[in-house]
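Beneath this line is the structure, given in structure tokens, with notes to follow.
The values are calculated or read from the model by the stated rules, or taken from the named source; none is laboratory data. From a predicted model like this one, the values you see are computed outputs, not experimental measurements. With ideal geometry, Cβ positions are generated from the backbone for all residues, glycine too; neighbour counts draw on all protein chains shown.
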Amino acid sequence: MSQKQPRVIVVGGGLAGLSATIKVAEAGVPVDLFSMVPVKRSHSVCAQGGINACNEVARQQGYSEWIHMDETLYGGDFLQHQPPVYEMTHWAPRIIDLLDRMGVPFNRTAEGQRDLRLFGGSLFKRTHFAGASTGQQLLYGLDEQVRRHEADGKVNKYEFWEFLWPIIDDNGECKGIIAQDMRTMQIKPFLADAVVMATGGNGMVFGKSTMSVICTGGAAARCYQAGAWFGNPEFIQVHPTAIPGEDKCRLMSESARGEGGRVWVPREKGDVRPPLDIPEEERWYFLEEKYPAYGNLVPRDIATREIFFVCEDGYGIGGSRMVYLDVSHLPQGTKDKLKAILEIYEKFTGDDPTEVPMKIFPAVHYSMGGLYTVFTEEEKEAVPGDGEKTIGMKDGAPNNMMTNIPGLFAFGEVNYQYHGGTRLGANALLNCIFDGLFCGPSLVNYAKEGRMSPASELSQDIIDKFVKQEQDKVDALVNSKGKANPYDIWRRLGDEMTAAATVVRTEERMQKALETVKALREEYKDVCLSDTGMWTNQNLSFTRALNDMLIYAEAILVPAIARKESRGSHYRPDYPERIDDPFQKTSLVKYVNDQPELSYEDVATPMVPPRARTYGKTS
Amino acid sequence: MIASDAKKSFFVKVKRQDSPEKNPYYEVFELPYKPNLNIISCLQAIASNPVTVDGKQSTPVVWDCSCLEEVCGACTMVMGGQVGQSCSTLVDELIERDGTGTKDNPITLEPMSKFPVVRDLFVDRSSMFANLKDIKGWVPIDGTHDLGAGPKEDPEAQELRYQLSRCMTCGCCLEACPQFSLEGNFVGAQVFGQTLYFNTHETGASLKEDRLDVMQQAGGISDCGNAQNCVEVCPKELPLVEAIAKIGRQTTVHSIKKFFTGKK
């Protein structure tokens, strides 16, 4: 056996990738960190509202980690595995403490304690925040610690490098990656004893979303084509409040409602009066009316559907497909806490939201599903206030959040754990950092002891095979004499996916979309680059990822059509109820003969039995 | 200027450069007008149909972008002669401000001039990240073990740190600075802001002297000419004047202390 020191590769430099990097570097194992952008520009910066954790103030009002878990499971409509959620919610307070020690500028009370805000799906204040740019602040805090390890020589950053494919040996074990320098266009192999994908969501499959342009889902779809499975890819979160735009839909954080913002439309259809001229009694606060307990803070899928149907019924502002999100009545101090998002609204629309209500509409926001991962369960000592039987994840087990491909892991939004049918607001930042911190040691343990053979012993033939595979793809695109325009195919893909597979999903419409995507895949074979040069060619990178987006789109549609029930974000007017038998299951999607192949896996509910998810709706 | 209701199209002139060694050149594109377009939308439209006004088939313009909501800092460029984020700069604003957008007087898009061009509007800002390493831009925690909460913080102190922490390493402050240049060693306002950010944190302050050593060197705080252009262009309105003043004072005190204690 070679005594060569193990190495770990982290793909993606958002919260999940950076927190994993810190843990692995701290354990003394060198890390190669790959990102398509300087890591400080990763999509995690876009998270606004906050990060959930039980805290002493909430605890003394009856809140606990157990309730945080329960809320997460109830919000997710009981589709998720419970042990990882147990572990995540019980670690959450310690994660906040660590971020606090790293210097993240969390908002403070007069006494200097960390301030808290209310968020969707909870009746307790358990969301920690830094203004309305919490994701940015957390990402920077982790980026700084990674920079420290980089200065110590423990981390090598490969920024502006694109992940192309996992290197998988004859035993089916992942041994590294093929990546491409986005400036010089050089394609190179990198070996490692454990590889973690921390590559985020797939919003670009839907054209315009709240996600960054780098969130194509391409990296995940490449792993899928290489044999990794998807879990629940049909579960896509549509955020209720975004600013519709020509190039993207910009997020308007749930924190606006958490701080007291109200959603309303004029009671009279087609009312064209300016909002401030409409008196209070002529405004319809439909969320507050329908959900007296949670009001504007029902989970996102519920708020999204209510807004969508209010507009379908003709109550949108002046007959349009937009509703008001109103913070104009809030006190100045509260508006200050929301400054980061309110100034963005003003910059893009020209209207000052502290004076006039914002106009918003739902937009694709988050991928609950993603790469399928496993974990090792462990019975835990019951914490006071917890249920009788508690099952978490085993600390440091070498398979925590590993995909079905040994040696290939998935952390953060790219995996399918934690959120089930819908993610609660301010649980994403927690999930990403938890994965990195808790499962980072699993990477180390796998790289040191869990692996079947060291990466350093991998044969050159296998490495060459994968390099050639990727080089051939590039050559084929560059030499294509086709006619199809990749940007045009992408636009049509996005329009179709948004129309068929977001807020409302019917069998008929999704079948049509599946035909459209198949046709687009055919059209793609005739795709043509407008730039065939070999220096910083973004046209090539985009066009290559487009193929992966098309393949991901099919993997979303097939299980969405087959899931003949409504659960969380997956709303089927043709099957409006949740049907636990047979759908209390993970959709497993495998790539077989260029097609998605669907099967199911049971989801155990060892701690919290499923219950009806009503949020106290008045009938 | 054409009245906006009559506008059907507008013109954009882009500074192109195929690689660092090649000479730059300009290309003009005609784009369909819509209200509320941002500059990114123009570049996206060009990418899908890269044909110049002369009918020449060109290539998509290369530029850096990611979030498109002015928080990642990637898409900085010089638009109509002014530096800013191309996601939050609207075509209507430029037409209104400069009277541009016509065929004879198109909206100009150029890369920042204070950084090496990689290609077209995409520049190399790695020096900004390297500077963060030089100033030890981190809080030196003892490790990620569970060691309880960080120090309590006064809301006013938090407010200052929060404002400084919104720096997205976009480079606007450096592009606008008369002291900062491609060849020179002046580090610029970004670094002063970040130095104050870390020096203000209770644990971060344990590396304060190391950071001020860097501030004392050539290219440090004494090279600041106080033109205050940085504050004018900062998209996040960071308190950079305050940072420059405070870091100036901290550095002076640091030098005097070093002089009297004889420490090098």
Report yes if some residue within region A:488-496 is more than 14 Å from chain B (Cβ to nearest Cβ), crowded, with 20+ Cβ neighbours inside 10 Å, assigned to a helix (DSSP H, G or I) and not acidic (D, E); otherwise report no.
no
Go through A:G176, A:G131 for me and flag whichever is in contact with a Phe, Trp or Tyr (Cβ under 6 Å, 6 or more places away or on another chain), of a type in the set (G, A, S), assigned to a strand (DSSP E or B) and more than 16 Å from B:G150 (Cβ to Cβ).
A:G176
Can you spot a residue in region A:505-521 that is at negative phi, outside any helix (DSSP H, G or I), modelled with pLDDT of 95 or more and more than 14 Å from every other protein chain (Cβ to nearest Cβ)?
yes
If the Cβ limit is 6 Å and pairs must be 6+ apart or interchain, which residue in region A:89-111 that is at the interface with chain B (Cβ under 7 Å from one of its Cβ atoms) and over 14 Å from A:R126 (Cα atoms) pairs with which residue that is among the basic types (K, R) and surrounded by fewer than 24 Cβ atoms within 10 Å (Cβ to Cβ)?
A:P105/B:R161
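Residue-wise test of (1) in contact with a strand residue (DSSP E or B) (Cβ under 7 Å, 6 or more places away or on another chain); (2) surrounded by fewer than 16 Cβ atoms within 10 Å (Cβ to Cβ).
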{"residue": "B:V12", "(1), (2)": "yes, no"}
{"residue": "B:K15", "(1), (2)": "yes, no"}
{"residue": "B:F29", "(1), (2)": "yes, no"}
{"residue": "B:P35", "(1), (2)": "no, yes"}
{"residue": "B:I40", "(1), (2)": "no, no"}
{"residue": "B:D64", "(1), (2)": "yes, no"}
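Please work out which residue is surrounded by the most Cβ atoms within 10 Å (Cβ to Cβ), limiting yourself to region A:440-481 and to residues that are outside any helix (DSSP H, G or I) and in contact with a Gly (Cβ under 9 Å, 6 or more places away or on another chain).
Selected residue: A:R451.
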Sole miss for A:D97 among (1) buried (at least 20 other Cβ atoms within 10 Å of the Cβ); (2) assigned to a helix (DSSP H, G or I) is condition (1)
Count of region B:118-155 residues which are facing another protein chain (nearest Cβ under 7 Å) and in contact (Cβ under 8 Å) with a residue 40 or more places away in the chain
11
Test A:Y524 against the stated conditions and say whether it is farther than 19 Å from A:G203 by Cα and not assigned by TED's automatic domain parsing to the domain that holds A:K512.
no
All but one of (1) under 20 Å from B:G171 (Cα atoms); (2) of a type in the set (V, I, T); (3) out of contact with any Phe, Trp or Tyr (no Cβ under 6 Å at 6 or more places or on another chain) hold for B:V53; state the number of the condition that does not hold.
(1)
Somewhere in region A:149-171, is a residue away from chain B (no Cβ under 14 Å) and of a type in the set (K, R)?
no
For the list (1) surrounded by fewer than 19 Cβ atoms within 10 Å (Cβ to Cβ); (2) part of a strand (DSSP E or B); (3) of a type in the set (A, V, I, L, M), I need the number of the one condition that A:V356 fails.
(2)
Quick check: anything in region A:57-78 over 30 Å from A:S587 (Cα atoms), touching a Ser or Thr at 6+ places or on another chain (Cβ under 6 Å), without any contact (Cβ under 8 Å) to a residue 60 or more places away in the chain and part of a loop (DSSP other than H, G, I, E, B)?
no
Condition first: touching a residue at least 12 places away in the same chain (Cβ under 8 Å) and in contact with a His (Cβ under 8 Å, 6 or more places away or on another chain). Can you find one or more residues in region A:302-311 that meet it?
yes
Quick one: A:K518 ticks every box in (1) without any contact (Cβ under 8 Å) to a residue 40 or more places away in the chain; (2) of a type outside the set (A, V, I, L, M); (3) crowded, with 16+ Cβ neighbours inside 10 Å except a single one, so which number is it?
(3)
Going through region A:527-550 in order, the residues found to be in contact with a helix residue (DSSP H, G or I) (Cβ under 7 Å, 6 or more places away or on another chain) and among the small types (G, A, S) are A:S530, A:A545
Are there any helices (runs of 4 or more DSSP H) wholly within region B:173-252 with 1 or more residues that are in contact (Cβ under 8 Å) with a residue 40 or more places away in the chain and within 20 Å of B:T76 (Cα to Cα), and if so which?
B:189-200, B:229-233
In region A:536-570, which residues are part of a loop (DSSP other than H, G, I, E, B) and within 21 Å of A:P362 (Cβ to Cβ)?
A:R563, A:S566, A:G568, A:S569
The one condition in (1) charged (D, E, K, R); (2) closer than 30 Å to A:F438 by Cβ; (3) more than 9 Å from chain A (Cβ to nearest Cβ) that B:R161 fails to fulfil
(3)
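Say we look at region B:173-230 and pick out the residues that are acidic (D, E) and away from every other protein chain (no Cβ under 14 Å); which of these is surrounded by the most Cβ atoms within 10 Å (Cβ to Cβ)?
B:E175
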Scope region A:407-439; condition of a type in the set (D, E, K, R) and either part of a helix (DSSP H, G or I) or surrounded by fewer than 24 Cβ atoms within 10 Å (Cβ to Cβ) (or both); matching residues:
A:E413, A:D435
Take region A:565-593 and flag every residue that is of a type in the set (D, E, K, R) and either in contact (Cβ under 8 Å) with a residue 24 or more places away in the chain or surrounded by 13 or more Cβ atoms within 10 Å (Cβ to Cβ) (or both).
A:E565, A:R567, A:R572, A:D574, A:R578, A:D580, A:K585, A:K590
Among the residues of region A:213-231 satisfying the criterion of being over 25 Å from A:R567 (Cβ atoms) and not in a helix (DSSP H, G or I), which is farthest from the other protein chains (Cβ to nearest Cβ)?
A:G227
Any hit, region A:592-605, residues being modelled with pLDDT under 95, outside the structural domain of A:R183 (by TED's automatic domain parsing) and of a type in the set (G, A, S):
yes
Show the residue pairs that are 6+ apart or on different chains and have beta-carbon atoms under 6 Å apart, the first residue being within region A:113-140 and within 8 Å of chain B (Cβ to nearest Cβ) and within 22 Å of A:L342 (Cα to Cα), the second being among the β-branched types (V, I, T) and in a helix (DSSP H, G or I).
A:Q136/A:V45
Within region A:232-272, the residues that are part of a strand (DSSP E or B), more than 23 Å from A:G314 (Cβ to Cβ) and more than 14 Å from every other protein chain (Cβ to nearest Cβ) are A:I236, A:Q237
